[in-house]
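The values are calculated or read from the model by the stated rules, or taken from the named source; none is laboratory data. What you see is a predicted model; the values in this text were computed from it and never measured. Methodologically, a virtual Cβ is constructed for each residue, glycine included, from the backbone with ideal geometry; neighbour enumeration extends over all protein chains shown. For accessibility, only protein heavy atoms count, side chains too; no ligands or nucleic acids. Shrake-Rupley method; radii C 1.70, N 1.55, O 1.52, S 1.80 Å.
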Amino acid sequence: MTQQAPHRYLGKARKLVDGVEKVTGRARYAGDVSLPGMLHGKLALSLFAHARITRIDTAAALKIPGVVAVLTADDLPTRNRQPSSRQTTTLAREVVRYRGEPVALVLATSLAAAEDGVAALQIDYEPLPAPVTAEAALDPAAPVIWPQGAPKADTDLTAAHAAVARGEEQSDHVASNIHEQKRFSRGDALAALATAEVVVAGTYRTAIVHQGYLEPHAVVADIEPIRKHITLYTSTQGQFGVRDEVARLLGLRTSQVTVVPMTVGGGFGAKYGILDPLAAAAALAVGRPVRIVLDRSEDFLTTTPSPASTITIKLGATREGVLTAIVAEMVIDNGVYPFTLGGIMSTLLGGYYRCPNVQIDVVEVLTHKPQAGAYRAPGAPQVTFALESSIDELARRLELDPLELRLRNAATTGDPMGNNDPWPSMGLRQVLEAAANHPLWRERTPGSGVGLAIGGWPCGMSPAAAVCRVDTDGIVRVHVGSVDISGVNSSFVLVAAEILGVPPEQVEIVAGDTRSGPFAGPSGGSQITYSVAGAVAAAAQEARRQLLEVAADMLEARIDDLDLRDGAIHVRGLPGRTLPIGEVARRAQEQQGGPGPIVGEGRTAPAENAPGFVAHIVQVTVDNETGRVQPLRYVAIQDVGFPLNPLMVEGQIHGGAVQGIGWGLHEALRYDENGELLTASLMDYTLPRAADVPSIETVLVTNPAPNGPFGARGVGEPPITAGAAALANAIRDATGARIYELPMRDEVVW
Ligand code: MOS
């Protein structure tokens with residue numbers, strides 16, 4: 001589908017289709033939905049990181065005017081009562097395992113009454129010991145969170161839960177807090193390291209980082225009691241996954257659940273449906289609509305941030321700068337339930353460079369904290385911080401330009417860890433060449449505080465379908481089932497406009513719910529442009545074929561002589577022989593009867609992913625007195641394949657770069673030794689502010705993805721991957737000091 005011809009609309013900056021609605025406050029978010037008879041839900045959260053619940057007394061709460069019900073674990077459908085590693089909120093049963101774990105849900109006619117109800121609940125706890133950090137949890141003397149093994153995603157009544165019910169979880173250390181320990185390898189890395197001419201080693205630590213979206217989790221569940229049909233208005237990255245999970249947990253058929261995706265105020269991996277099953281269960285329990293909107297503190301306490309990691313890494317190389325060995329050990333802090341990132345982190349660590357000998361040992365640890373979860377390129381900032389800092393150190397040892405070292409070893413294509421997940425057509429080399437030519441890199445002088453790092457992400461692929469209708473009013477309506485969290489709808493507009501020769505103003509996106517929309521995967525994994533825009537292109541091609549067929553008949557011309565432009569069909573060489581597409585649609589409708597004017601259907605099922613690579617260059621100054629790091633210039637180079645809408649692509653890169661600066665210099669969820677969260681508000685959780693971010697220059701490399709629409713690749717995740725490492729390397733250049741810990745705040749750098 002790669003097209004070399006000059007484009008009329010594609011590749012030209014276009015404002016986001018919902019931009020005006022968003023900035024004028026007209027966009028409707030889940031929390032804006034209000035239904036007759038709706039109840040407000042407020043969660044009672046555990047005050048302890050680990051404790052037995054000895055009593056829940058709801059009597060006082062139920063006396064408060066407006067309080068209608070108090071739900072505890074016993075009121076939930078069986079499957080939703082169990083601990084689950086599925087990242088959905090449930091209510092604790094007998095034992096709480098992290099500070100902030102929901103224990104009860106108060107439902108009331110107003111939010112104020114619900115809050116009063118929570119305050120009036122009497123919940124008694126008997127505190128239990130709680131290893132809060134991975135280090136503490138790995139201590140052989142530490143109590144084991146799940147003595148019978150951590151709960152699995154798909155079991156109904158897990159062994160773990162049964163053990164908890166029998167009060168066995170404190171018995172003795174029959175298991176450990178390591179829920180998975182795995183080795184990923186190719187070649188013989190230990191032997192290669194032992195004989196390497198040059199070795200560098202270091203241990204790198206990263207903090208727990210929250211996704212930092214603006215809109216907290218929010219959902220309104222409506223119930224049609226007679227049919228037992230649930231409708232969820234929710235802030236989600238993908239309505240189909242939410243529907244399936246809610247149906248599974250509540251024991252309903254998927255046809256009994258409709259999920260309506262609302263405008264999303266940021267997701268970054270956290271909005272796959274954390275609250276939805278609980279809201280649905282609550283609505284089912286009371287037979288009334290229920291709204292749950294988390295406040296900022298609740299969101300920080302109960303949702304699923306990116307895990308902390310400790311990565312020890314050793315690189316071996318020849319004196320000429322050929323990597324011969326990568327040996328690493330990663331400890332990943334999963335929180336209370338497994339969230340296994342070791343596989344993808346190993347793929348990244350072994351995938352960027354063409355090194356024949358790699359050995360990575362992954363230890364996934366459970367701790368008394370909220371479950372870790374996905375955050376934009378999950379695991380990649382952690383890996384790149386360790387790997388790209390080490391590559392920088394290796395370049396210094398070799399007295400080699402760090403970019404030259406990367407060029408000598410950059411992978412070009414392959415199957416990084418031999419796990420049958422190939423990375424075709426990697427643009428890493430092109431990205432590095434663009435970096436080499438950039439003045440910020442080329443003209444730097446030693447010690448001027450310039451650092452570089454690479455990053456990348458495989459970019460996903462889900463099957464997707466789209467429908468493209470040409471209506472009798474001449475409007476092209478593109479129906480999709482994806483959620484627009486990143487501006488993708490504006491790209492779909494341009495794809496349809498280009499193929500149909502219709503001005504973008506004449507194209508509308510109709511985003512469906514789970515009943516009305518064609519299927520699409522979730523807006524995550526940098527896959528929507530790659531897969532859904534491909535389906536839109538196929539649908540538009542089919543609509544175009546139908547248009548030309550009907551028009552050829554009307555214009556008494558051969559299809560080959562027809563041209564589609566400016567919303568009309570023209571006979572080439574015969575000015576005036578022209579039909580607006582709406583008229584063609586009308587004729588098609590008359591011929592076929594029914595509502596069907598022109599309807600094209602398109603599908604994609606990409607067979608291979610389309611990895612996107614970046615090189616970020618940053619210049620910093622470091623204050624000698626305070627250790628404060630100020631980024632001065634930031635250049636983000638990225639292989640985007642082809643920018644369908646450059647404005648949106650650049651917006652994604654800017655956002656990713658800012659979040660990379662957050663990883664590098666600012667962000668950390670901090671817990672005290674009792675598991676109390678110390679950063680449960682935006683006053684304490686420091687996100688980068690405008691003054692912390694320099695202007696960001698983007699450089700787009702266009703190395704087409706063979707199966708991408710017009711060569712496009714996913715662009716959402718790659719730009720967050722390299723920032724922290726680039727900053728660390730810039731600080732090293734400015735100060736001579738290597739920083740091994742994120743975030744690199746003043747006190748760490750000083
Ligand atoms: Mo994402 S972390 O692929 O939403």
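The table that follows gives values for the structure above.
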quantity	calculated
Among residues of the stretch 36-49, those that are out of contact with any Phe, Trp or Tyr (no Cβ under 8 Å at 6 or more places or on another chain) and not in a strand (DSSP E or B), counted	3
Residue match in the stretch 476-483 (condition: in a loop (DSSP other than H, G, I, E, B) and of a type in the set (A, V, I, L, M, F, W, C))	yes
Options 578, 686, 621; residue that is of a type in the set (S, T, N, Q), surrounded by fewer than 22 Cβ atoms within 10 Å (Cβ to Cβ), more than 22 Å from residue 209 (Cβ to Cβ) and not assigned by TED's automatic domain parsing to the domain that holds residue 472	621
Members of the stretch 440-460 found to be away from the ligand (no atom under 16 Å from the Cβ) and closer than 22 Å to residue 703 by Cβ, listed by number	440, 441, 442, 452, 453, 454
Selection from the stretch 226-237 of residues that are out of contact with any strand residue (DSSP E or B) (no Cβ under 6 Å at 6 or more places or on another chain) and open to solvent by 50 Å² or more (accessible area, probe 1.4 Å)	226, 227, 228
Residue match in the stretch 74-90 (condition: at pLDDT 95 or above, polar (S, T, N, Q) and within 22 Å of residue 271 (Cα to Cα))	no
Residues that are part of a loop (DSSP other than H, G, I, E, B) and surrounded by 24 or more Cβ atoms within 10 Å (Cβ to Cβ), drawn from the stretch 290-309	305, 307, 308
One residue from 608, 625, 601, 650 being acidic (Asp, Glu) and touching a Ser or Thr at 6+ places or on another chain (Cβ under 8 Å)	650
Residue satisfying all of: in the stretch 723-746; part of a loop (DSSP other than H, G, I, E, B) and among the charged types (D, E, K, R); surrounded by the most Cβ atoms within 10 Å (Cβ to Cβ) among these	745
Residue within the stretch 136-148 that is among the small types (Gly, Ala, Ser), open to solvent by 10 Å² or more (accessible area, probe 1.4 Å) and in contact with a His (Cβ under 6 Å, 6 or more places away or on another chain) present	no
Looking only at the stretch 446-475, and only at residues there that are part of a strand (DSSP E or B) and under 16 Å from residue 541 (Cα atoms), the one that is nearest to the chain's Cα centre (by Cα)	464
Test for residue 11: is it in contact (Cβ under 8 Å) with a residue 12 or more places away in the chain, at positive phi and not assigned by TED's automatic domain parsing to the domain that holds residue 116	yes
All positions within the stretch 238-252 that are open to solvent by 20 Å² or more (accessible area, probe 1.4 Å) and within 14 Å of the ligand (Cβ to nearest atom)	241
Selection count, the stretch 253-264, where residues are of a type outside the set (Ser, Thr, Tyr) and open to solvent by less than 20 Å² (accessible area, probe 1.4 Å)	3
Subset of the stretch 348-397 (residues that are within 16 Å of residue 659 (Cα to Cα) and within 16 Å of the ligand (Cβ to nearest atom))	374, 375, 376, 377, 378, 379, 380, 381, 382, 383, 384
Members of the stretch 644-685 found to be touching a residue at least 40 places away in the same chain (Cβ under 8 Å) and of a type in the set (Val, Ile, Thr), listed by number	649, 653, 661, 679
Boolean, residue 279 is within 25 Å of residue 103 (Cα to Cα), buried (at least 24 other Cβ atoms within 10 Å of the Cβ) and away from the ligand (no atom under 15 Å from the Cβ)	yes
Residue in the stretch 507-523 that is nearest to the ligand (Cβ to nearest atom), counting only those that are buried (at least 20 other Cβ atoms within 10 Å of the Cβ) and within 15 Å of residue 474 (Cα to Cα)	509
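Residue-by-condition table, conditions (1) open to solvent by less than 20 Å² (accessible area, probe 1.4 Å); (2) in the same structural domain as residue 273 (by TED's automatic domain parsing); (3) part of a helix (DSSP H, G or I):
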position	(1), (2), (3)
363	yes, no, no
369	yes, no, no
389	yes, no, yes
396	no, no, yes
404	no, no, yes
426	yes, no, no
